[in-house]
């Protein structure tokens with residue numbers, strides 16, 4: 001095992017990291033992690049959620065809901081925007097202070113900010129370990145070394161697909177829901193959009209072997225999972241850079257055959273790879289849900305070009321029209337960045353008009369945040385913060401109205417629900433689940449997670465529906 005940082009570590013420093021304060025002990029000494037308690041706080045995307053589950057499953061440590069109970073605290077980080085990155089330092093500072101009264105507590109930072117900043121985080125925060133996105137498979141040995149007193153930074157890059165996509169099946173207590181599971185099928189990005197840090201933090205596109213994916217999904221289903229969410233930075237680019245591998249459409253057809261699996265979702269898709277074969281697969285595979293997240297980022301062709309996006313608005317609209325024709329009633333969501341360098345009022349108005357025309361079920365909208373190492377961070381014409389805030393607030397108000405109207409259109413309809421567990425509000429009496437279009441529905445009655453039921457919708461709010469159970473399979 002080797003550890004590298006932004007400044008290459010010497011062999012002596014690597015050795016000291018392994019041995020910590022006790023030179024008579026080695027990394028092979030028996031430390032039973034399963035006797036220890038761990039608290040993991042996750043920021044960012046579903047890929048980070050999956051990585052957190054992977055850490056829990058691999059270590060076998062006992063998950064707890066607060067740092068007060070924990071022996072090890074891990075912060076899983078997101079670097080996509082500036083605000084979550086800053087949050088990492090404040091979180092780390094909080095836990096490091098706690099170490100003064102609880103010296104046995106070990107604190108680590110993993111994920112995208114760890115990959116980006118490496119040893120700088122160790123020096124600034126005083127945490128015990130920093131582990132990048134491609135070194136998570138080493139987490140057990142790293143934690144054991146840290147328990148012995150080592151300070152470790154590992155942002156090394158792996159070319160081993162088994163290490164990169166290592167995916168121990170998590171126990172239900174590690175999962176958000178025992179009937180839903182994330183399955184990573186692709187990682188990294190080759191698109192190099194000018195605003196995006198993913199190629200730096202996650203590397204170039206890598207495709208996981210399809211036989212491994214199918215095997216994992218079958219194993220998950222055998223343990224009671226009913227829904228899988230396929231993950232990738234460019235999930236629908238799956239297989240394109242691997243000769244002889246299945247295409248993403250072909251993979252969907254194979255997964256659709258798995259007995260006992262009820263639902264398939266995937267994120268995040270790139271408009272560039274939303275071809276006719278994939279649209280047909282989505283329409284024909286009964287288990288693929290009627291929901292698509294397809295980031296557009298801007299409604300202005302001029303801004304899309306500056307962003308390095310490889311689609312035009314006209315091409316994007318044509319894709320949406322094809323999808324809606326092939327899959328009536330499909331829910332479409334998207335990502336939008338406002339305040340990109342040089343974005344004029346006209347550019348912004350074009351984005352607003354696109355949102356009004358397509359009528360997205362929801363949008364994930366953000367102010368532009370310059371990320372280190374990206375081309376957009378060096379661009380001129382950076383917009384003032386107050387102008388970015390104004391545009392974001394206006395766009396979100398427009399979308400709130402659209403989303404509420406879509407939610408209200410469900411009132412009176414009967415929808416299929418996959419039960420996920422107890423409702424957040426009134427958990428003693430109510431259960432919750434999602435429609436195939438990814439709408440949260442709450443309803444009276446206690447049901448087992450994984451049950452398929454049919455609910456008539458009675459009420460709608462901006463974020464959820466409420467209904468009455470009509471039929472239970």
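Can you list the strands (runs of 3 or more DSSP E) lying wholly within region 399-473 that have 2 or more residues being closer than 23 Å to residue 175 by Cβ? Explain how you work it out, then say what you get.
Values: elements: 414-422, 430-434, 440-444, 452-460, 465-472.
Once the strands (runs of 3 or more DSSP E) in region 399-473 are filtered for at least 2 residues that are closer than 23 Å to residue 175 by Cβ, what remains is 414-422, 430-434, 440-444, 452-460.
Output the residues belonging to region 281-301 that are assigned to a helix (DSSP H, G or I) and either in the same structural domain as residue 356 (by TED's automatic domain parsing) or surrounded by 15 or more Cβ atoms within 10 Å (Cβ to Cβ) (or both). Lay out the reasoning, then the answer.
We begin by selecting, within region 281-301, every residue assigned to a helix (DSSP H, G or I); these are 281-284, 301.
Those that are assigned to a helix (DSSP H, G or I) and either in the same structural domain as residue 356 (by TED's automatic domain parsing) or surrounded by 15 or more Cβ atoms within 10 Å (Cβ to Cβ) (or both): 281, 282, 283, 301.
Can you go through 408, 397, 458 and tell me which one is touching a strand residue (DSSP E or B) at 6+ places or on another chain (Cβ under 8 Å), loosely packed, with under 14 Cβ neighbours inside 10 Å and farther than 30 Å from residue 203 by Cα? Before you say what the answer is, go through the steps one by one.
Details: 408 fails: loosely packed, with under 14 Cβ neighbours inside 10 Å; 397 fails: touching a strand residue (DSSP E or B) at 6+ places or on another chain (Cβ under 8 Å).
So the residue among 408, 397, 458 that is touching a strand residue (DSSP E or B) at 6+ places or on another chain (Cβ under 8 Å), loosely packed, with under 14 Cβ neighbours inside 10 Å and farther than 30 Å from residue 203 by Cα is 458.
For region 360-367, indicate whether the set of residues that are loosely packed, with under 15 Cβ neighbours inside 10 Å and farther than 21 Å from residue 78 by Cβ is non-empty.
No, region 360-367 has no match at all.
Report the residue count in region 62-82 for those that are under 22 Å from residue 121 (Cβ atoms) and touching a strand residue (DSSP E or B) at 6+ places or on another chain (Cβ under 9 Å). Walk me through it before giving the result.
To start, the set of residues in region 62-82 that are under 22 Å from residue 121 (Cβ atoms) comprises 67, 70-82.
So of that shortlist, the ones also touching a strand residue (DSSP E or B) at 6+ places or on another chain (Cβ under 9 Å) come out as 67, 70-81.
Qualifying residue count, region 62-82: 13.
Please go through (1) in contact with a strand residue (DSSP E or B) (Cβ under 9 Å, 6 or more places away or on another chain); (2) surrounded by fewer than 19 Cβ atoms within 10 Å (Cβ to Cβ); (3) on the phi > 0 side of the Ramachandran plot for residue 188 and return the number of the only condition it doesn't satisfy.
Here residue 188 clears every test but (2).
Answer with yes or no whether residue 342 is free of Cβ contacts under 8 Å to residues at least 60 places away in the same chain, surrounded by fewer than 20 Cβ atoms within 10 Å (Cβ to Cβ) and touching a helix residue (DSSP H, G or I) at 6+ places or on another chain (Cβ under 7 Å). Break it down stepwise before answering.
Numbers: free of Cβ contacts under 8 Å to residues at least 60 places away in the same chain: yes; surrounded by fewer than 20 Cβ atoms within 10 Å (Cβ to Cβ): yes; touching a helix residue (DSSP H, G or I) at 6+ places or on another chain (Cβ under 7 Å): yes.
Spelling it out, residue 342 is indeed free of Cβ contacts under 8 Å to residues at least 60 places away in the same chain, surrounded by fewer than 20 Cβ atoms within 10 Å (Cβ to Cβ) and touching a helix residue (DSSP H, G or I) at 6+ places or on another chain (Cβ under 7 Å).
Can you say whether residue 391 is within 26 Å of residue 449 (Cα to Cα) and in contact (Cβ under 8 Å) with a residue 12 or more places away in the chain, as far as the supplied structure shows? Write out each step before concluding.
Details: within 26 Å of residue 449 (Cα to Cα): no; in contact (Cβ under 8 Å) with a residue 12 or more places away in the chain: yes.
No: the conditions fail for residue 391.
(1) more than 30 Å from residue 172 (Cβ to Cβ); (2) modelled with pLDDT of 95 or more; (3) surrounded by 19 or more Cβ atoms within 10 Å (Cβ to Cβ): which one isn't true of residue 371, the others all being true?
The single condition residue 371 does not satisfy is (2).
Test each condition in (1) touching a strand residue (DSSP E or B) at 6+ places or on another chain (Cβ under 6 Å); (2) outside the structural domain of residue 30 (by TED's automatic domain parsing); (3) farther than 28 Å from residue 377 by Cα for residue 142 and report the one that comes out false.
Residue 142 satisfies every listed condition except (2).
Those residues that are in contact with a strand residue (DSSP E or B) (Cβ under 7 Å, 6 or more places away or on another chain), in contact (Cβ under 8 Å) with a residue 40 or more places away in the chain and within 18 Å of residue 202 (Cα to Cα), I need them from region 230-267; list them, please.
Once the filter is applied, which keeps residues that are in contact with a strand residue (DSSP E or B) (Cβ under 7 Å, 6 or more places away or on another chain), in contact (Cβ under 8 Å) with a residue 40 or more places away in the chain and within 18 Å of residue 202 (Cα to Cα), region 230-267 yields 230, 231, 232, 233, 234, 235, 237, 238, 241, 267.
So that you can scan it fast, the table gives a plain yes or no per residue for (1) in contact with a helix residue (DSSP H, G or I) (Cβ under 9 Å, 6 or more places away or on another chain); (2) within 19 Å of residue 55 (Cβ to Cβ); (3) not assigned by TED's automatic domain parsing to the domain that holds residue 134:
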{"residue": "198", "(1), (2), (3)": "yes, no, yes"}
{"residue": "202", "(1), (2), (3)": "yes, yes, yes"}
{"residue": "206", "(1), (2), (3)": "yes, no, yes"}
{"residue": "211", "(1), (2), (3)": "no, no, yes"}
{"residue": "236", "(1), (2), (3)": "yes, no, yes"}
{"residue": "239", "(1), (2), (3)": "yes, no, yes"}
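With respect to residue 337, determine if the residue is modelled with pLDDT of 95 or more, under 26 Å from the mean Cα position of the chain (by Cα), farther than 30 Å from residue 226 by Cα and in a strand (DSSP E or B).
Details: modelled with pLDDT of 95 or more: yes; under 26 Å from the mean Cα position of the chain (by Cα): yes; farther than 30 Å from residue 226 by Cα: yes; in a strand (DSSP E or B): yes.
For residue 337, the condition - modelled with pLDDT of 95 or more, under 26 Å from the mean Cα position of the chain (by Cα), farther than 30 Å from residue 226 by Cα and in a strand (DSSP E or B) - is met.
Quick check: anything in region 323-330 within 25 Å of the chain's Cα centre (by Cα) and crowded, with 22+ Cβ neighbours inside 10 Å?
No, because not a single residue in region 323-330 is within 25 Å of the chain's Cα centre (by Cα) and crowded, with 22+ Cβ neighbours inside 10 Å.
Give the residues of region 191-223 that are at negative phi and in a loop (DSSP other than H, G, I, E, B), sorted by residue number.
Going residue by residue through region 191-223, those that are at negative phi are 191, 193-202, 204-223.
Once the filter is applied, which keeps residues that are at negative phi and in a loop (DSSP other than H, G, I, E, B), region 191-223 yields 191, 193, 194, 195, 196, 197, 202, 204, 205, 208, 209, 223.
Regarding region 379-388, can at least one residue be identified that is farther than 30 Å from residue 118 by Cβ and surrounded by 15 or more Cβ atoms within 10 Å (Cβ to Cβ)? Walk me through it before giving the result.
Taking region 379-388 first, the residues farther than 30 Å from residue 118 by Cβ are 381, 383-384, 386-387.
Next, only the ones that are surrounded by 15 or more Cβ atoms within 10 Å (Cβ to Cβ) stay: 383, 387.
Within region 379-388, one or more residues are farther than 30 Å from residue 118 by Cβ and surrounded by 15 or more Cβ atoms within 10 Å (Cβ to Cβ).
Among the residues of region 431-444, count how many are surrounded by fewer than 19 Cβ atoms within 10 Å (Cβ to Cβ), more than 26 Å from the chain's Cα centre (by Cα) and closer than 20 Å to residue 227 by Cβ.
0
The values are calculated or read from the model by the stated rules, or taken from the named source; none is laboratory data. This one's a predicted model, so the numbers in the text were calculated from it and none came from an experiment. Every residue, glycine as well, gets a Cβ built from its backbone with ideal geometry; the counts of neighbours run over all protein chains shown.
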